[in-house]
Amino acid sequence: PPAVEVLVPPGDTVMLENVVESLFHTQAFGALRVTCPAQKLLVTSRVFSRTAGEGDADSVGQDFAAVPAAFAIGSGDRAQVLGVHQTTPHQDSDFRFNFGFVETTGHIATVRVTAFDELGAEQGATELQIREFSQRQVAVKDHFPDLSLANARLELEVVSGSGKVIA
């Protein structure tokens, strides 16, 4: 993937508006890898949308804190996604819940995703493949159509491939 260098002086804060378009000159959905060999960085991103003609104050979105690549899981490792809210009928659910993962090493991985209810009972499983250095985000309703819970838990496990993923 292309790389862009941004100078962040020690102790400073840098805000990059619309980072994909301004630094990479494209409109795309994906993941960014931020590295700094000299010091540790705190990175966060606000992902948002707004209707044409609306200003920043009219936008809706959410904040994502960066996750260190060292947190990625590999073959046989597991990670948890908590607080999954998806009820049926889907169009009447209070929330739309997606989950996703990013491959961090340049290798393909297959991830088994298992849903559990609040008591720990399994509610179904699916397997998804993720390509090298890519991201994947999917809707819970598309892979667990019968799930109707306000507090489910997803367990993600790399079951094949040498890739590592952050969930």
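Summary table below
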| read-out | value |
| --- | --- |
| The chain - percent relative contact order, Cα under 8 Å, separation 6 or more | 26 percent |
| Vicinal HN-Hα couplings computed from phi for the range 62-71 (Karplus, 6.51 cos²θ - 1.76 cosθ + 1.60; Hz; Gly/Pro x) | 8, 9, 10, 7, 5, 10, x, 4, 5, 7 |
| Fraction of antiparallel bridges per DSSP, the chain only, in percent to nearest 5 | 95 percent |
| Residue order for Thr44, Thr126 - accessible surface, 1.4 angstrom probe, largest first | Thr44, Thr126 |
| Where GluC sites (Glu not before Pro) fall in DSSP loop in the range 95-167, at most 14 other Cβ within 10 Å | Glu118, Glu132 |
| Label-point gap, in nm, between Thr88 and Leu119 - each point 7 angstrom along Cα→Cβ | 1.8 nm |
| Low-density loop cleavage sites - chymotrypsin sites (Phe, Trp or Tyr not before Pro) in the range 79-167, where at most 12 other Cβ are within 10 Å (DSSP) | Phe95 |
| Karplus-derived HN-Hα couplings along the range 91-99 (A = 6.51, B = -1.76, C = 1.60, θ = phi - 60°), whole Hz, x at Gly and Pro | 5, 9, 5, 4, 9, 9, 10, 10, 9 |
| Whole-percent carbon and sulfur share, accessible surface of the range 50-167, 1.4 Å | 47 percent |
| Heavy-atom SASA rank of Phe64, Phe24, Phe29, Phe144 (probe 1.4 Å, accessible area, largest first) | Phe29, Phe64, Phe24, Phe144 |
| Between the range 22-36 and the range 122-167, the Cα center-to-center distance that results, in Å | 24 Å |
| Per residue accessible area of the range 1-142, 1.4 Å probe, in Å² | 73 Å² |
| Residue with peak Gaussian network fluctuation, the chain [Cα springs, cutoff 10 Å], from Ala152, Ala69, Ala139 | Ala139 |
| The chain: calculated mean residue ellipticity at 222 nm from DSSP helix runs of at least 4, using -39500 (n - 2.57) | -1000 deg cm²/dmol |
| Approximate spin-label separation His25-Ala139, in nm, with each point projected 7 Å along Cα-to-Cβ | 3.6 nm |
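The values are calculated or read from the model by the stated rules, or taken from the named source; none is laboratory data. Please read all numbers here as calculations on a predicted model, not as lab measurements. Backbone-built Cβ (ideal geometry, glycine too); neighbour counts: all protein chains shown. To get the accessible areas, we keep the full protein, side chains included, count just its heavy atoms, and leave off ligands, DNA and RNA. Shrake-Rupley method; radii C 1.70, N 1.55, O 1.52, S 1.80 Å.
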